[in-house]
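Have a look at the structure below before the remarks.
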Amino acid sequence: MTVLRIKEVIERGPFGRTKLYADIAAGRLVTRKIGGSRIVLESDWNDYLRGVSRAASAA
């Protein structure tokens, strides 16, 4: 299981901090808090990307 910090997720692209936090708040990207850090499991990131891709192709 690979764990990513928000900074690492942003570096992977294609979204910036504002878009990611908006999608986290909306429940579209699953994150977890460990202490003061917010993390994303790589599997959750991949699921999120697949969901965004499907939504874009449906529009």
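No lab work stands behind these numbers, since they all come straight from the coordinates. Just so it is clear, the structure is predicted and the values come from calculations on it, not from any experiment.
Along segment 4-14, what does the Karplus equation 6.51 cos²θ - 1.76 cosθ + 1.60 (θ = phi - 60°) give for ³J(HN,Hα), rounded to whole Hz, x for Gly and Pro?
Working through the residues one at a time gives 10, 8, 4, 4, 5, 4, 5, 5, 6, x, x Hz.
Which residue, Gly36, Gly16, Gly27, has the most motion in a Gaussian network model of the chain that connects Cα atoms within less than 10 Å?
Per the Cα network of the chain with a 10 Å cutoff, Gly36 tops the list.
Provide the convex hull volume over Cα atoms per residue for the chain, in Å³.
Per-residue hull volume (Cα only) is 82 Å³.
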